[in-house]
Amino acid sequence: MNSIYLGQVAKRLTAARTTLVAALIVSTFVLTATVQAAGDRYTVIKTKKAVTVGGEEIDDASIVIVDGKIEAVGKNVDYPSDSIVIDATKLTAMPGMINPRTMIGQQLPNNRGNKSNFLVKDEFEPPEDETYHDLLKAGYTLLGVLPNGSGLPGQALVVPTHGSKAGEGVRDEGLVRITFGRPPNEKDALRGVLKEAEKAIKAEKEAKEKAEKEAEEKKKEAASKPKEEKKDQKKPDDKGGKDKGDGKDKKPTSQPASKPSEKKEEKKEEKKFEIKDELKAPVKLLKMEEGIVALVEFARASDVLHFVEAIDGFEFAQRYAFASRGYDDLHNIIEHDLIGGADATVMLKPLLPQMPLTVNPYNLARELIEEGCTVGFYPLDDNVREHELIRERVALLTRAGLKREDALKALTLVPAQYLGLEKQYGSLEKEKAADVVLLDGDPLDPFAKVQMVVVGGKVVFDRATEEKDKR
Amino acid sequence: MKHLLTYFIAGLIFAMLASGVAVQAAPTTDPSNDDEVVTTQPDKPEKKERKKRRGKRGRKGKKDKGDESTSQPTSQPSSQPADEAESQPASEPEDKGPDYLAITGGIVHTVSGADLRHVTILCKDGVIEAIGSQVEMPEGTEVLDVSGMHIYPGLVACEARGIVGREPAENTTNVFSTTLRLANTAGITTVSSRTSAAKASYGVVENLPLRNELFVSVRYGRTAEQREFRESLEKVRQYLRDVEQYEKAKAEGDEDAEKPDESVAKENQAAYKLLKKEAAALVYAEEKTQLIELADLATQYGFDLVIRGASEGWIVADRLGRAGVKVIVSPRRQVGANPYLVQESGNNIENAAILYQHGVDVAVTPSSSGISLVGLGGRDMQHLAMEAAYAVRGGLPEPAAIESVTLAAARALGIDDRVGSIEVGKDADLAITDGPLLDFFTQVQWTIVNGEIVYDKAQESFFAHIRPREGTEEVKETYSFWPRPFKPKAAPAPGEGGRYGGSEKAE
């Protein structure tokens, strides 16, 4: 992390005047010295106030960090005397913000239809360091990178904005994106995928039962005829392999088999059933396996109804996002009770929409929260400016009645929950990752600027140092 | 909107609890003090609750019906087999059984038959179950008393645009669109858009489709198009004759019979569908020469023909009538006469009336096919009944004018087996008005689609305040959830809280 920061500085340096080089080198050396010495030592951030999001807001709080995780947050907390102390007594601390829905700096293929086996991890090219740096500057420490496309375009990747260049993810599978409502055939397509997955589950179950029966029979046979044991033993070893048929047929030449012969083999040995790659994720969803969730994305309120109709009879873990920019009909979500009540997680754009054909605004986020939903916000766009603006936009929503604690959660904890990472990220609490953003004012004050970002006990952004460098 | 109030109260209680927790909690970093909303389990299925709570308008499919415990109507109407209820399998205890809606009072304009008074219309699961003066209502029937009102079949909007989505409408319709809502305010319950017909019901996605592939669109404007159409008809007719002969020969045992070239049918698919009577032809034609030619073609080749436009139809009404042509006219459409002709030409206010007199099936649709919120009002689909009323001005009998926007329109679309009139066994699509449909004073009070009330004038802000319905003088706010009582926060004491949102202590 530190090296990247140095890289940043070095890049900036090339553009600067040569007379500044010496001063800069000195300053970077100082920085490396302090941070490298840290090792496993404790780091303590002394703040004016800690907005923990998960719990209380604590004045004059100290945040104790060890091994990249938060050890304690409180007014009077103990820490070893040799701890590294970051003096931020004039700053307010908040957890790093999380953008759960972005396609920043991507050149991903535009997937259509069911490509749910596609992992963003495989083709992710991390954006330039400067982009990451700008995002850190805006207070964002984690990004949920979505696969590009429509239908079931793939599984998302969660990357930190300060990680290694290879874009190692915090989470790289299990977040299946489903877009709904743009092309008209999506409804049938989704229904088709779910039905196929259901069939696959059934077939798998049948195959399993059959295999078990056969195995039992063979055991009995084996008990009676110990000579045949060797042949039978081979088969369980082959499980998972493609050339299972060969054991029985004893025809190695049939391996590049033509289609008809393959079919025959399948009929003969159904226990070697394998789920198609693109159906694996839907099957997991329908089995309600842990760690897989559908991130469903709607364009209009009407799509929610269409979606409910499309998945009629199927149940799986879902989280929702409204991706429309116009917000022209989202009041129907509340008016017709489309999502309310259930503890649904809904991601919205931080806007104050108006009733159709009027100038009457309504606070969609607040209404949804009052109906029992968990609401989070994501930037309007992938550009850095929107990441910087989001606190201001959310501040406007708080003026229109959104509770402060809900607003703060919507920027940090709820996006973490959306990405299934609420145990590791999203608030300043014990055992969570030490992503701390330090501002010179209240987080919901649009005039407050991010002054410092501390990740895992290391300062990855410091406005003061940077401005000194620029000069 | 009762549930909103419940949520509000629940929200208040929750807020009180949350603040209580906040006061009690010691300032520690223990994550167990998290707010309850956030500490939900990861990757937990979140659907179960939601489905139950789906809008009350969400109509159950046919499969949901049939709970033995609820009482069935004791007097089964003639059209419904009495043993149907018994033959249904016992369903899950969650099912509520069939949805019943009874409309009592009012004058029922059945369109297909006589007008009825003092009758009750009983709808079961979106279909009209019984009409009569002594209909017994099962337990749990929702009763809508419409005494003093007029009950018409839901209006059928032919050739509409922008109300339901592209084909297939059940997948693409934006059921919350303003145009759809306005269509319901006009009493429109069925919309045909190009080649598909679907229900227009605000906020409902179930049971939308009526029929796809209604028409074969035929272009008959330019000379080349006319020639092409004629040629393809001729080819297909020859092909069908050949096929007939071939089959005959084969049946007689002639093995040398040559099978006709199937590519003819593929290449001239439109004509093939027409001559096979799989669909009717929809042709846009205004001029009398075109109308005559088309009528002759329809007689000659024997296909179903629906002509959209036909503003010069009054000149050749006899020929159209003899050919059994259906027309979709716009009585208010003006077409100038051709000054170079020494014959009659141009439009005529009597067009619909003359066509009707000559036995042509007349359906009416406005010339502006969408619902527009700009430009000159009163000429779009929202004023479909006014368009029919204009034909009455030109001499069309009033019942025929009502039929032209209901049953005749359904016939033109080939969906008159399900919509267009108030009959037992047809879909429960009704437009309930406070006066005769074609009167300018009349407003639609309720619109019912598939047995669900999708529009209630007193509940929506569009027209509720105009001549308010008796007993509903107080106009209900459409969007009752906004504005909520909005309490501006007290200015924080100096040194406490920020400018934006402030801290909770300030309260």
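Checked against (1) part of a helix (DSSP H, G or I); (2) at pLDDT 90 or above, A:Thr141 passes all but condition (1). Checking every residue in segment B:266-282 against the condition of being closer than 27 Å to B:Gly336 by Cα and either assigned by TED's automatic domain parsing to the domain that holds B:Ala337 or not in a helix (DSSP H, G or I) (or both) gives at least one match. For segment A:453-471, filtered to residues that are surrounded by fewer than 23 Cβ atoms within 10 Å (Cβ to Cβ) and within 19 Å of A:Val85 (Cα to Cα), the residue that is farthest from the other protein chains (Cβ to nearest Cβ) is A:Thr465.
Quick check: anything in segment A:78-93 at negative phi, at the interface with chain B (Cβ under 10 Å from one of its Cβ atoms) and surrounded by fewer than 17 Cβ atoms within 10 Å (Cβ to Cβ)? Please lay out each step first, then the result.
Within segment A:78-93, the subset at negative phi is A:78-93.
From what's left, at the interface with chain B (Cβ under 10 Å from one of its Cβ atoms): A:92.
Applying the additional criterion that residues be surrounded by fewer than 17 Cβ atoms within 10 Å (Cβ to Cβ) yields none.
Looking through segment A:78-93, none of the residues is at negative phi, at the interface with chain B (Cβ under 10 Å from one of its Cβ atoms) and surrounded by fewer than 17 Cβ atoms within 10 Å (Cβ to Cβ).
Summed over segment B:442-469, the residues that are more than 17 Å from B:Gly203 (Cα to Cα), free of Cβ contacts under 8 Å to residues at least 24 places away in the same chain and assigned to a loop (DSSP other than H, G, I, E, B) give a count of 4. Of everything listed in (1) crowded, with 18+ Cβ neighbours inside 10 Å; (2) more than 9 Å from chain B (Cβ to nearest Cβ), the single unmet condition for A:Ile369 is (2). More than 7 Å from chain B (Cβ to nearest Cβ) and under 15 Å from A:Leu152 (Cα atoms), is that true of A:Glu289? No; evaluated as a whole, the condition is false for this residue. When the residues of segment B:251-269 are narrowed to those that are surrounded by 13 or more Cβ atoms within 10 Å (Cβ to Cβ) and farther than 22 Å from B:Glu213 by Cβ, which ends up farthest from the chain's Cα centre (by Cα)? Checking each candidate, the answer is B:Ala257. Summed over segment B:276-286, the residues that are more than 19 Å from B:Cys158 (Cβ to Cβ) and crowded, with 19+ Cβ neighbours inside 10 Å give a count of 0.
Is it true that some residue in segment A:378-394 is touching a Lys or Arg at 6+ places or on another chain (Cβ under 8 Å), within 29 Å of A:Leu285 (Cα to Cα), at the interface with another protein chain (Cβ under 9 Å from one of its Cβ atoms) and not basic (Lys, Arg)? Checked segment A:378-394: no residue is touching a Lys or Arg at 6+ places or on another chain (Cβ under 8 Å), within 29 Å of A:Leu285 (Cα to Cα), at the interface with another protein chain (Cβ under 9 Å from one of its Cβ atoms) and not basic (Lys, Arg). Of the listed requirements (1) at pLDDT 90 or above; (2) assigned to a helix (DSSP H, G or I), B:Val191 misses just one: (2). Against the test of being more than 9 Å from every other protein chain (Cβ to nearest Cβ) and of a type in the set (Val, Ile, Thr), the options A:Thr412, A:Thr345 yield a single qualifying residue, A:Thr412.
Quick one: in segment A:325-334, which of the residues that are under 17 Å from A:Ile369 (Cβ atoms), more than 7 Å from every other protein chain (Cβ to nearest Cβ) and out of contact with any Gly (no Cβ under 8 Å at 6 or more places or on another chain) is modelled with the highest pLDDT? It would help to see each step written out before you state the result.
Within segment A:325-334, the subset under 17 Å from A:Ile369 (Cβ atoms) is A:327, A:330-331, A:333-334.
Subsequent filtering for residues that are more than 7 Å from every other protein chain (Cβ to nearest Cβ) retains A:327, A:330, A:333.
From the residues that got through so far, the ones that are out of contact with any Gly (no Cβ under 8 Å at 6 or more places or on another chain) too are A:327, A:330.
Details: A:Tyr327: 60, A:Leu330: 83.
The qualifying residue modelled with the highest pLDDT is A:Leu330.
Please determine, by comparing only the residues of segment A:417-432 that are more than 9 Å from chain B (Cβ to nearest Cβ) and surrounded by 23 or more Cβ atoms within 10 Å (Cβ to Cβ), which one is nearest to A:Thr141 (Cα to Cα). Checking each candidate, the answer is A:Tyr425.
Pairing each residue of segment A:418-436 that is closer than 15 Å to A:Pro160 by Cα with any residue that is acidic (Asp, Glu) and at pLDDT 90 or above, provided the two are 6+ apart or on different chains, yields C-beta distances under 8 Å for A:Tyr425/A:Asp435.
Among the candidates B:Gly140, B:Gly148, which residue alone is modelled with pLDDT under 90, surrounded by fewer than 20 Cβ atoms within 10 Å (Cβ to Cβ) and part of a loop (DSSP other than H, G, I, E, B)?
Step by step, each of B:Gly140, B:Gly148 is checked, and only B:Gly140 is modelled with pLDDT under 90, surrounded by fewer than 20 Cβ atoms within 10 Å (Cβ to Cβ) and part of a loop (DSSP other than H, G, I, E, B).
Do we find that A:Arg404 is facing chain B (nearest Cβ under 7 Å) and without any contact (Cβ under 8 Å) to a residue 60 or more places away in the chain in this structure? Yes: the conditions hold for A:Arg404. Do we have A:Phe314 as more than 8 Å from chain B (Cβ to nearest Cβ) and farther than 29 Å from A:Leu142 by Cα here? Yes: the conditions hold for A:Phe314.
Checking each residue in segment A:81-122 for being aliphatic (A, V, I, L, M) and part of a loop (DSSP other than H, G, I, E, B) picks out A:Met103, A:Ile104, A:Leu108.
For segment B:421-431, taking the residues that are of a type in the set (A, V, I, L, M) and buried (at least 24 other Cβ atoms within 10 Å of the Cβ), the one that is farthest from B:Leu180 (Cα to Cα) is identified as B:Ile422.
The rows are residues; the columns are (1) without any contact (Cβ under 8 Å) to a residue 24 or more places away in the chain; (2) crowded, with 24+ Cβ neighbours inside 10 Å; (3) over 25 Å from A:Asp312 (Cβ atoms).
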| position | (1), (2), (3) |
| --- | --- |
| B:Val175 | no, yes, no |
| B:Thr178 | no, no, yes |
| B:Ser192 | no, yes, yes |
| B:Tyr202 | no, no, no |
| B:Glu206 | no, no, no |
| B:Arg211 | no, no, no |
| B:Leu214 | no, no, yes |
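The values are calculated or read from the model by the stated rules, or taken from the named source; none is laboratory data. Predicted model, so just to flag it, every value in this text is computed and none were measured. We place every Cβ from the backbone using ideal geometry, glycine too, and count neighbours over all the protein chains shown.
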